[in-house]
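There's a structure below that I have some questions on.
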Amino acid sequence: MKTEEEEFTHYKVTDPDLINSILKGRSGISAGIKIKKAICSICGKNYLSCPHITGNKYGNKTAVAIVKDFEFTEISLVETPTIPACRVTEVLVPKSWFREKLLEDPRFKRVKIEDERKASPL
């Protein structure tokens, strides 16, 4: 079993425009998934092999694919996430990184540097 730390992968974001967008709360998250199993809401069979079409009505039911198993394949930062609530809510950044990379950039003059254990408010 993986430890909590092994479950997460950290990526370094170095583009100042993207960082500024994140810090201002204008970036969201889009997750890519691979669907391993989906069933039809009408007949309960494998969605890819049943005759029902998504969105069509069959009696008083609308056909949809019900995802039963999937895996995450990637996560991307995007400006406009499909689901508006998928927003970056906190950013943990070491003080040293701000000092070395950002303090000279005028776009970041309003960024407040806090203790390394605290998140920068968006």
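Inside the stretch 31-50, can you point out the residues that are assigned to a strand (DSSP E or B), in contact with a Cys (Cβ under 9 Å, 6 or more places away or on another chain) and surrounded by 15 or more Cβ atoms within 10 Å (Cβ to Cβ)?
Answer for the stretch 31-50, where residues must be assigned to a strand (DSSP E or B), in contact with a Cys (Cβ under 9 Å, 6 or more places away or on another chain) and surrounded by 15 or more Cβ atoms within 10 Å (Cβ to Cβ): I39, C40.
Just one of T54, T62 is surrounded by fewer than 13 Cβ atoms within 10 Å (Cβ to Cβ), modelled with pLDDT of 70 or more and of a type outside the set (K, R); which is it?
T54
Also, I was wondering about something else. Among the residues in the stretch 95-109, are any surrounded by fewer than 10 Cβ atoms within 10 Å (Cβ to Cβ), at pLDDT below 65 and outside the structural domain of K34 (by TED's automatic domain parsing)?
yes
How many of the residues in the stretch 18-30 are touching a Lys or Arg at 6+ places or on another chain (Cβ under 6 Å) and in a strand (DSSP E or B)?
So the count comes out to 1.
The values are calculated or read from the model by the stated rules, or taken from the named source; none is laboratory data. These figures come from a predicted structure and were not determined experimentally. Heads up, the Cβs are rebuilt from the backbone with ideal geometry, glycines too, and the neighbour counts pull from every protein chain shown.
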